[in-house]
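Novice: I'd like to ask some things about the structure below.
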Amino acid sequence: MKQYIIRRLLQMIPTLIGISIIIFAISALVPGDYITAQDNPNMTREKAEQLRHIYGLDQPVAQRYFTWAGNMIKGNMGDSLVHKEPVTKVMNNYVWNSVIIAFFSLALSWLIAIFAGVFSAKYKYSFFDKIVTLLIFLCMSLPSFFVGLMLIKVFALQLKLFPIAGMTTAGLNAEGWAYIKDVLRHSILPIIVLTMLSTGSLTRYFRTSMLEVIHMDYIRTARAKGLHERVVIFKHALRNAMLPAITLLGFELPALFGGAIILEKVFIWPGVGQVYLESINMRDYPFMLGFTVFLAMLTLLGNLLSDVLYGIADPRIRLK
């Protein structure tokens, strides 16, 4: 196992190099730069050229790549052109806001999907199964901005149960538990929307996996021994049905830190998704490239984590 992990980590190096080349080449092909994106009518041509020289935007693409890649190897992602701060500091300021709603929605969606998928498979073609199937396709078909705006209209504007948008109440300046309660109250609607969007596909996955498992011979044997149906389903069937889902769990890692761009825009949530979208619009290359590489690293680590957990959970799997 140790040798396998070391070998996979070494294999990530050329993969990351390839990813860095591709994303840098794509960013270089995008028309315009940070100077033109500001759309300042008072900007003279001489001033624009001077700023490009200061930011290093007038250098050849290859030279800019090697300069940026060399700094990345040293752990220096550069300074954000928009925020005038180091990229790592900007990420640290906003990424944890995105983690709040992503973590709770991840936990809720997996919990709901497991129970809904198990009972939907156990009572296949029943009324409950049909209702679950209907809700699944409903959650998968509705766009996030539509669901978010509907929840805001009903629960925030009409019923006034939750705040309309934002992360904290303006002018409250709460601290300690009062601050935590205020943030959680503002995060309920975004969490509900994210949970709805991700629960549908997960439930279908668990339902399909459970349908394959509950018809296997060892499940029939467990029932023939007189075991309680709850023990058969949750101890024997679900345990094996969860094995393929481990691969999905690893890919949730970049989703935790990636932010939900559209959802954060709807609820005016100060997450990293909005900052990432702003960096693309404003051609903030240091942040855009640095955060993209960060997500690529999380994706590769999540893939490795899935393989390792699968090998641990299933002794039949040998990591070679």
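The values are calculated or read from the model by the stated rules, or taken from the named source; none is laboratory data. If you're wondering where the values come from, they're calculated on a predicted model, not measured in any experiment. Methodologically, a virtual Cβ is constructed for each residue, glycine included, from the backbone with ideal geometry; neighbour enumeration extends over all protein chains shown. All accessible areas refer to the heavy atoms of the entire protein, side chains included, with ligands and DNA or RNA removed. Shrake-Rupley method; radii C 1.70, N 1.55, O 1.52, S 1.80 Å.
Novice: Once R0 is set to 56 Å, what does the formula 1/(1 + (r/R0)^6) return for the Cβ-Cβ distance between Ala107 and Glu46, expressed as a FRET efficiency to the nearest 0.05?
Specialist: That gives a FRET efficiency of 0.50.
Novice: How long is the gain from Val61 to Ile73 if the chain were fully straight, where each residue apart is worth 0.36 nm and the alpha carbon distance is subtracted?
Specialist: 2.5 nm
Novice: Using a 7 Å offset from the Cα along the Cα-to-Cβ direction at both Phe115 and Ile21, what is the distance between the two label points in nm, to one decimal?
Specialist: With each label point 7 Å from Cα toward Cβ, the separation is 5.1 nm.
Novice: Can you list the lysines whose alpha carbon sits under 22 Å from that of Lys124, skipping same-chain ones fewer than 8 residues off?
Specialist: Lys235
Novice: Same structure again: Among 22-32, 91-101, how do they line up by average Cβ neighbours within 10 Å per residue, starting with the highest? Intermediate results must be reported in sequence, preceding the final value.
Specialist: Details: 22-32: 12.5, 91-101: 19.3.
Packing proxy ranking, top to bottom: 91-101, 22-32.
Novice: Report, in deg cm²/dmol and to the nearest 500, the calculated mean residue ellipticity at 222 nm for the chain, where each DSSP H run with n ≥ 4 adds -39500 (n - 2.57) and the sum is divided by the residue count.
Specialist: -22500 deg cm²/dmol
Novice: Here is a follow-up. Given a cut-off of under 8 Å on Cα pairs at least six residues apart, what relative contact order in percent is computed for segment 10-94?
Specialist: 18 percent
Novice: Could you report the chain's accessible area per residue, 1.4 Å probe, as an integer in Å²?
Specialist: On a per-residue basis, 58 Å².
Novice: Show which lysines lie in cross-link reach of Lys89 when reach means a straight Cα distance below 29 angstrom and same-chain residues fewer than eight apart are skipped.
Specialist: Leaving aside lysines fewer than 8 places away in the same chain, those within reach of Lys89 are Lys47, Lys74, Lys181, Lys265.
Novice: Give me the percent of the accessible area of the chain that comes from carbon and sulfur atoms, probe 1.4 Å, all protein chains in place.
Specialist: The C+S portion of the solvent-accessible surface of the chain is 66 percent.
Novice: I've got another one for you. Please label the shape of the chain as rounded, prolate or oblate, based on the square roots a ≥ b ≥ c of the eigenvalues of the alpha-carbon gyration tensor (a/c under 1.5 means rounded; beyond that, a/b larger than b/c means prolate, else oblate).
Specialist: Working: a/c = 2.70, a/b = 1.53, b/c = 1.77.
It comes out oblate by the Cα gyration axes.
Novice: A further question follows. Considering only the other residues whose Cβ falls under 11 Å of the Cβ of Val82, what net charge follows from Lys and Arg at +1 and Asp and Glu at -1?
Specialist: Taking every Cβ under 11 Å from that of Val82, the sum is -2.
Novice: Given a Förster radius of 41 Å and the C-beta distance between Trp177 and Phe128 as r, what FRET efficiency does 1/(1 + (r/R0)^6) yield to the nearest 0.05? Write down the numbers at each step before the final one.
Specialist: Working: r = 40 Å, r/R0 = 0.96.
The value I calculate is 0.55.
Novice: Name all residues of segment 181-215 having a backbone nitrogen under 12 Å from the label point set 7 Å from the Cα of Thr168 along its Cα→Cβ direction, giving them as ranges.
Specialist: 181-184
Novice: Here is a follow-up. What's the angle, to the nearest 10 degrees (0 to 90), between helix 177-213's Cα axis and the longest principal axis of the chain?
Specialist: Compared with the principal axis, the helix lies near 50 degrees.
Novice: Ok, one more. If packing is taken as the average count of other Cβ atoms within 10 Å, what order do 150-158, 6-14 fall into, highest mean first? Could the numbers behind the result be given before it?
Specialist: Working: 150-158: 14.1, 6-14: 11.6.
Highest to lowest by the protection proxy: 150-158, 6-14.
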